[in-house]
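Derivation of every value follows stated rules applied to the coordinates shown; laboratory data play no part. These numbers come from a predicted model, not from an experiment. FYI the Cβ positions are ideal-geometry reconstructions off the backbone, even for glycines, and counts take in every protein chain you see.
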Amino acid sequence: MDQLGEKRSSREEQVILVDENDEAIGVGEKLEIHRQGKLHRAFSIFVFNAGGELLLQKRAGAKYHSSGLWSNTCCGHPRPGEFIEHAARRRLQEEMGFVCDLKDVFQFTYKVQLSDEISEHECDHVLVGVFDGEPQPFRDEVDDWRWIGLKELREDIQECPDRYTYWLKVALSLLPAEPINEPEATLKC
């Protein structure tokens, strides 16, 4: 374990460093890149059910940042040489215990200082999908989950913004009002 309590594997997880146009310019070790605040590629997944509710996850308390906060269905980083859609499906399985078809609908860049040691500076690709089953989240990744309507979620974020991850709030503000009703975004699992 390192100073932040993060378990280290024998093979450090690498992320893709990018420029302001999301062009790959190198790689770096994930935790170190978050300490340095360097711009890197990431993704955020928003999975809806047929009723239009969004699947939220509460990040595990053991996460090295944003632990215990409610967030979108899943998020992560593609590995060097890995397509975003493949990485997103991989992480969805690793975190939530299911996979479904996903569509990359938009991207945005943000930078935020999360603690004295950690900042996020990401070119974040937002992917959407549809799933009507019950997730089987892995407890090392997720403490809880729930389905919620977008109107209710937006109202709760207004009332209690500290319950939610920074990137969820930004992505949600850019998400179409009814993202699964767009023909190209309606994907079945």
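Just add up the charged neighbours of Ala42: K/R +1, D/E -1, any other residue whose Cβ is under 9 Å from the Cβ of Ala42. Local net charge: -2.
Seen from a random direction on average, the alpha-carbon convex hull of the chain projects onto 10.2 square nanometres. Approximating the spin labels as points 7 Å out from Cα along Cα→Cβ, the Ala50-to-Ser115 distance works out to 4.2 nm. Taking Lys and Arg as +1 and Asp and Glu as -1, the other residues whose beta-carbon sits under 11 Å from that of Ile25 total -2. Remark: the Asp19-Cys160 segment gains 47.4 nm on full extension, using 0.36 nm per residue and subtracting the alpha carbon distance.
Number of Lys-Lys pairs in the chain with C-alpha atoms under 15 Å apart and a separation of 8 or more places or on different chains: 9.
Summing Lys and Arg as +1 and Asp and Glu as -1 over all other residues whose Cβ lies under 11 Å from the Cβ of Trp145 gives a net charge of -2. As a length-normalised measure over Cα pairs under 8 Å and 6 or more apart, the relative contact order of the chain settles at 25 percent. Using the Stokes-Einstein relation with a Kirkwood hydrodynamic radius computed over Cα pairs, the translational diffusion coefficient of region 50-103 at 37 °C and a viscosity of 0.692 mPa s comes to 267 µm²/s.
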